[in-house]
1. Taking 10 °C and 1.306 mPa s as the conditions, I'd like the Stokes-Einstein D for region 297-418 in µm²/s, using the Kirkwood hydrodynamic radius from alpha carbon pairs.
2. With labels modelled as points extended 7 Å from the Cα through the Cβ direction, what inter-label distance (nm, one decimal) is found for Asp371 paired with Leu438?
3. Take each of the peptides 76-85, 59-68, average the number of other beta-carbon atoms within 10 Å over its residues, and list them starting from the highest.
4. With +1 on each Lys and Arg Cβ and -1 on each Asp and Glu Cβ, and nothing else charged, work out how big the dipole of the chain is about its Cα centre, in Debye to the nearest 20.
5. To the nearest µm²/s, what D does Stokes-Einstein give for region 216-407 at 25 °C and 0.890 mPa s, using the Kirkwood radius over alpha carbon pairs as Rh?
6. How high is the FRET efficiency between Arg20 and Asp349 when r is their beta carbon distance and R₀ equals 41 Å, given to the nearest 0.05?
7. Kindly rank 383-391, 371-379 from highest to lowest mean number of other beta carbons found within 10 Å of each residue.
8. Under a 1.4 Å probe, what is the accessible area of region 79-221 per residue, stated in Å²?
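The values are calculated or read from the model by the stated rules, or taken from the named source; none is laboratory data. All of these numbers come straight from a predicted model, not from anything done at the bench. Ideal geometry is used to build each Cβ from the backbone, glycine not excepted, and the neighbour counts take in all protein chains shown. Quick note on the areas: whole protein, heavy atoms, side chains included, nothing else; ligands and nucleic acids left out. Shrake-Rupley method; radii C 1.70, N 1.55, O 1.52, S 1.80 Å.
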Amino acid sequence: NPFAGLVSHLRASWLSGKTRPMEYRVAQLKALGRFLDDKKQEILEATASDLGKAPFEAELSEILLCKNELHETLNNLSCWMKDEQVDRNLAMQLDSAFIRKDPYGVVLIIAPWNYPIHLFLVPLVGAIAAGNCVIVKPSEVSKKTEKLVAETLPGYLDKDCFAVVTGGVQETTRLLENKFDYIFFTDSSPPVGRIIMTAAAKHLTPVTLELGGKNPCYVSDTCDVTNVARRVAWGRFFNAGQTCIAPDYLLCTIEMQEKLLPALRKAIDDFYGPSPRESPDFGRIVSDKQFQRVQRLLGSGRVAIGGQTDEAERYIAPTVLVDVQPLDPVMQEEIFGPILPIIIITNMDEAIDFINSRERPLAVYAFSSDDKVVNQVLERTSSGGFCGNDTLMHVTLPSLPFGGIGNSGLGTHHGKFSFDTFSHHRGCLKRGMGWERLNAPRYPPYSQQKFGVIRATSKVTRKSDCTLL
């Protein structure tokens, strides 16, 4: 196996204990910060080349949010690393019981192409903070960014403990043949997620899967239509729609659709001008293959806004589809492009039933001026995350866990959740060598009297309800 030597080298480094001291982890995290600072312009240029990403969008999603994760981690790492003391029963009052946060060992992070810096660097922050050695596999689809990461990132990190591997499906397949202690995989494809889990199962390796999905967005009849249109259009067309948590389709009544269409048209015009193709703030589809896939989805329903394409530029205009049916092709897969279908429902209950009849998404969005409506959608649906009266913004908070459920993924990260994901929570009990008489009741020969002592000193009793009169 071409990667066996690399994995063995990293494992030897991890077994040496090199990554365990907090000072070492902090030094490597600070080096990641220097990478972002030093290579900022190159990151902006690479993401512009790969995705037509506007500097504003790239700096926000690829640099600022990554720095927020870094600073959150550096600010709290000493606290996160501390042993967590736990409750003890009467029999253990003289002992020490705690949870230690151990690193897993050698970790593999496989990143996607749509946010090619953010989606490897944020989990990398957690993996380093937790004390692991790491191999990073950036996506080969975002070619310029892959080249930038492969050529420059190793110059900032300890080469004995961290490495970048490049290549496509063949290289990733060979990489997965090796035994890793944890695998973190991000992609919009559940079938590929199953391949990763199958490979991990051979070594009983735990995994986190971030897989995306068709995120529903319910718009009630009571809302500020202008605000809804602007927030939905921003979330749908940010990064040309190539965002795993983008609102994938709208659910609203026919009456609300009639109000939303002109508001969406105005929002698109306000954001990108009368010709989004000429806007410096609107991106492009990442590859010819992806362009052709997204373009085929334009055949569903009827184009109400946009619909223009240019294959040479891999340009697809911000598009809204109406008269879309649940069985249309655009409703059978994650769109991952600048297309927003509208599905007509008659009321909130029907919208919730529609959401619950499909695979659980990475995010659910709900808009209403009535907080009870937003809460109803929150309480009666299941998804990786939820955002009321906005889109995307929940992912910007390091204090919130980010991850999928069911078909949209497994596990969470961001902030402390990243540290916990890449840490084995090791239950520990330390007892003294003396006081052996206290252990006598557990030893044979057994008796009911001994069991009574054991029960009295170790049982957990339920707290009684207390009513204040």
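1. My calculation gives 98 µm²/s for D.
2. Inter-label distance under the simple model: 5.0 nm.
3. Highest-to-lowest ranking by the protection proxy: 59-68, 76-85.
4. Using Cβ point charges on Lys, Arg, Asp and Glu, the chain gives about 2340 debye.
5. 147
6. Numbers: r = 54 Å, r/R0 = 1.31.
With R0 = 41 Å, the Cβ-Cβ based efficiency is 0.15.
7. Descending packing order for the listed peptides: 383-391, 371-379.
8. 37
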